Amino acid sequence: MSFNGYGVWAIYRFEMARALRTVWQSIVTPVITTALYFVVFGSAIGSRMTEIDGTAYGAFIVPGLIMLSLFTQSIFNASFGIYFPKFTGTIYEMLSAPVSPLEIVLGYVGAAATKSVVLGLIILATAAFFVPLQILHPMAMLAMLVLIAVTFSLFGFIIGVWAQSFEQLQFIPMLIVTPLTFLGGSFYSIDMLPPVWRTITLFNPVVYLISGFRWTFFGQGDVSLVWSLVATGGFLLTCLGVIAWIFRTGYRLKT
């Protein structure tokens, strides 16, 4: 069967239109939240902290803030996008349409990743109003932004298929991903931790993603850039494998 670009575009356009109908929730709320983070962490706490690895604290937390929003929004957009057809029953029409599993994933994940990347760039622009920013590797930063957005959108797609209620949609992002992000060096360097806790923190996969993204800003991170790319690529391949299994078995799609 030939590639159904029209089907991919139809899913993508529908998901993007949904984001435009909820601009306040999709764009405005995260920007306001980012501004509040800078007021609390950048001003209140940052004024009492010295530089971290030669970087002003306000600038140091920018990559972590972007990643915090990117993780949660990528998961939410992709999970809700595929869960809603399940909830309404229209998923069966999609599965019977001349659209392959790859095209379905491209449509939903592509739209979720696009929204997350746009949001990340908006947050970056918002941060520039609060702190002076200098990105040493802008092209690498954009590449990492897209890579991580796609990876977590795939993860969100899996959650949307797995979830059987709106409460379950929020379970993993709120109780697992967000705490791991806060404990993954979003607002501090893990080198500031005692040796024992630093070793424990290295088992947190989010550390490698945030560290790699921070490297694109300042040329240094908590862990090696190679390990950051390996961790991100490994997570991406794992998500692709799980999604392939979902469509092969029909797990919670056809039952």
**Message:** Kindly evaluate residue 214 against the criterion of being in a helix (DSSP H, G or I), touching a residue at least 60 places away in the same chain (Cβ under 8 Å), charged (D, E, K, R) and touching a helix residue (DSSP H, G or I) at 6+ places or on another chain (Cβ under 9 Å).
**Reply:** yes
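Tally up the residues in segment 217-227 that are surrounded by 22 or more Cβ atoms within 10 Å (Cβ to Cβ) and closer than 18 Å to residue 138 by Cβ, please. Talk me through it step by step, then tell me what you get.
Kept after step one, since they are surrounded by 22 or more Cβ atoms within 10 Å (Cβ to Cβ), are these residues of segment 217-227: 217, 221-222.
Those left that are additionally closer than 18 Å to residue 138 by Cβ: 217, 221.
The number of residues fulfilling the criteria is 2.
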**Complete:** Picked from segment 119-137 (must be in a helix (DSSP H, G or I) and either in contact with a His (Cβ under 7 Å, 6 or more places away or on another chain) or without any contact (Cβ under 8 Å) to a residue 40 or more places away in the chain (or both)), the residue farthest from residue 56 (Cα to Cα) is 121
**Residue pairs meeting the criteria (Cβ under 9 Å; at least 6 apart or on separate chains; first touching a residue at least 12 places away in the same chain (Cβ under 8 Å), in segment 18-41; second surrounded by fewer than 11 Cβ atoms within 10 Å (Cβ to Cβ) and not in a helix (DSSP H, G or I))** = 35/129; 38/129
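Of 180, 145, which residue is touching a helix residue (DSSP H, G or I) at 6+ places or on another chain (Cβ under 8 Å), modelled with pLDDT of 95 or more and in a helix (DSSP H, G or I)?
Details: 180 fails: modelled with pLDDT of 95 or more.
Selected residue: 145, the only one of 180, 145 that is touching a helix residue (DSSP H, G or I) at 6+ places or on another chain (Cβ under 8 Å), modelled with pLDDT of 95 or more and in a helix (DSSP H, G or I).
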**Message:** Looking only at segment 167-181, filter to residues that are in contact (Cβ under 8 Å) with a residue 60 or more places away in the chain and surrounded by fewer than 19 Cβ atoms within 10 Å (Cβ to Cβ); which one of those is farthest from residue 66 (Cα to Cα)?
**Reply:** 172
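The values are calculated or read from the model by the stated rules, or taken from the named source; none is laboratory data. From a predicted model like this one, the values you see are computed outputs, not experimental measurements. Neighbour counts run over all protein chains shown; Cβ positions are idealised from the backbone, glycine included.
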